[in-house]
């Protein structure tokens, strides 16, 4: 839905299972009209669309694309952002580290993201003021990206994708941005790492020369195009789990010229009591599908665990732990989770910052874990929960 100052608010459709285009289309037909009626009755509702590579390739068929555009129009819906992070299956089977692959070293990640950009340019509403964004893997999984050659290959693929986005804008007049999404245990985990990567690899004279050779732009325009099309997807759960100093991070991004092209509004878990009854309740959040990275704050600073089982195993080790933050997206209208809390206070801080200085024009609630949430947090239909999350965000923005 369109808010003030050209800001668009939606939720990510990755909450709804579906990998083939037929499955995705059926899911969207079921849920989008229900959510729009609850969250934005009588007004156009923006869609945050997640497409696997399989679904994206199928949607390029002219008849499929035409039918979907007709569905959007008939239901007062419009697409303005895509989730291009998970390439393959995302529900019902173990995903874990596989969600980051293929990473940006792989030509297949480039091909898939180019397809998404083409689709988004075709799906954007007629209003030319609406730009498109695609969120993506922050280079790759940390232990996969280890050599200078890995970084050089990924960097070249990012620049080649920008060349594609320049061509899309020339052909269609529509601007599409690629938003790298830092996440715990990925190559880009923190804002500091992200700023360093942009400065050392993406926003460089060498990348501008490469883009110039691919597009015919002069060097100055090529440098501008890199910043115009490459930026950040700020996931608030991820940032909270990393104990980010938000205001300082925002200043660093601005100083480096890294635009925030999407904010994903999400909450994780915050645990400060390590008594056994509390830990027992936390074990209900373990599942076999997703990674739930843990960052521990203690006397020796921050310590990271790739998943909850590894964090639990560390409890037998000596040391003074003060707090755990867990990458497990929970509905943002929850704060008190019984024995522990969510990181909703970080969202509140971010939305306060947004009211002072617009963080992004694209805001997307992303609670994709609905099907693996503990039963106590699923006490309502999913469309009701989504509408409640969106209403909570609108209330915060209106303060």
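The values are calculated or read from the model by the stated rules, or taken from the named source; none is laboratory data. Keep in mind that what you see is a predicted model, and the values were worked out from it rather than measured. We place every Cβ from the backbone using ideal geometry, glycine too, and count neighbours over all the protein chains shown.
Output yes when any residue across the stretch 29-39 is surrounded by fewer than 17 Cβ atoms within 10 Å (Cβ to Cβ), without any contact (Cβ under 8 Å) to a residue 24 or more places away in the chain and more than 23 Å from residue 372 (Cα to Cα), and no when none is. Checking the stretch 29-39: at least one residue is surrounded by fewer than 17 Cβ atoms within 10 Å (Cβ to Cβ), without any contact (Cβ under 8 Å) to a residue 24 or more places away in the chain and more than 23 Å from residue 372 (Cα to Cα).
Regarding residue 44, is this residue over 19 Å from the mean Cα position of the chain (by Cα) and farther than 21 Å from residue 382 by Cβ?
Values: over 19 Å from the mean Cα position of the chain (by Cα): yes; farther than 21 Å from residue 382 by Cβ: yes.
For residue 44, the condition - over 19 Å from the mean Cα position of the chain (by Cα) and farther than 21 Å from residue 382 by Cβ - is met.
Within the stretch 72-100, the set of residues being farther than 22 Å from residue 229 by Cα, part of a loop (DSSP other than H, G, I, E, B) and either under 19 Å from the mean Cα position of the chain (by Cα) or free of Cβ contacts under 8 Å to residues at least 12 places away in the same chain (or both) comprises 88, 89, 90, 91, 95.
If you go through the stretch 360-381 and keep only what is over 15 Å from residue 332 (Cβ atoms), part of a loop (DSSP other than H, G, I, E, B) and more than 23 Å from the chain's Cα centre (by Cα), you end up with 379, 381.
Whether a residue is surrounded by fewer than 21 Cβ atoms within 10 Å (Cβ to Cβ), outside any loop (DSSP other than H, G, I, E, B) and out of contact with any helix residue (DSSP H, G or I) (no Cβ under 8 Å at 6 or more places or on another chain) was assessed, and residue 345 passes this test. I want to confirm something. Restricting to the stretch 166-195 and keeping residues that are in contact with a strand residue (DSSP E or B) (Cβ under 9 Å, 6 or more places away or on another chain) and farther than 18 Å from residue 240 by Cα, which single residue is surrounded by the most Cβ atoms within 10 Å (Cβ to Cβ)? If we take residues in the stretch 166-195 being in contact with a strand residue (DSSP E or B) (Cβ under 9 Å, 6 or more places away or on another chain) and farther than 18 Å from residue 240 by Cα, then 179 is surrounded by the most Cβ atoms within 10 Å (Cβ to Cβ). When residue 339 is tested against (1) touching a residue at least 40 places away in the same chain (Cβ under 8 Å); (2) within 25 Å of residue 94 (Cα to Cα), exactly one condition is not met: (2). So for the stretch 126-145 (the condition being in contact (Cβ under 8 Å) with a residue 60 or more places away in the chain, within 22 Å of residue 183 (Cβ to Cβ) and surrounded by fewer than 16 Cβ atoms within 10 Å (Cβ to Cβ)), does at least one residue qualify? No, because not a single residue in the stretch 126-145 is in contact (Cβ under 8 Å) with a residue 60 or more places away in the chain, within 22 Å of residue 183 (Cβ to Cβ) and surrounded by fewer than 16 Cβ atoms within 10 Å (Cβ to Cβ).
For residue 103, the stated conditions do not hold, so it cannot be described as at pLDDT 95 or above, under 26 Å from residue 44 (Cα atoms) and either in contact with a strand residue (DSSP E or B) (Cβ under 8 Å, 6 or more places away or on another chain) or assigned to a helix (DSSP H, G or I) (or both). Take the conditions crowded, with 22+ Cβ neighbours inside 10 Å and either touching a helix residue (DSSP H, G or I) at 6+ places or on another chain (Cβ under 9 Å) or assigned to a helix (DSSP H, G or I) (or both) and apply them to residue 315. Does it pass? Criteria not met by residue 315. For residue 339, the conditions (1) assigned to a helix (DSSP H, G or I); (2) in contact with a helix residue (DSSP H, G or I) (Cβ under 8 Å, 6 or more places away or on another chain) are fulfilled apart from (1). Within the stretch 238-254, the set of residues being touching a helix residue (DSSP H, G or I) at 6+ places or on another chain (Cβ under 7 Å) and not in a helix (DSSP H, G or I) comprises 244 only. Just one of the listed residues (289, 295) is surrounded by 15 or more Cβ atoms within 10 Å (Cβ to Cβ), under 19 Å from residue 344 (Cβ atoms), in contact with a helix residue (DSSP H, G or I) (Cβ under 7 Å, 6 or more places away or on another chain) and in contact (Cβ under 8 Å) with a residue 40 or more places away in the chain, namely 295.
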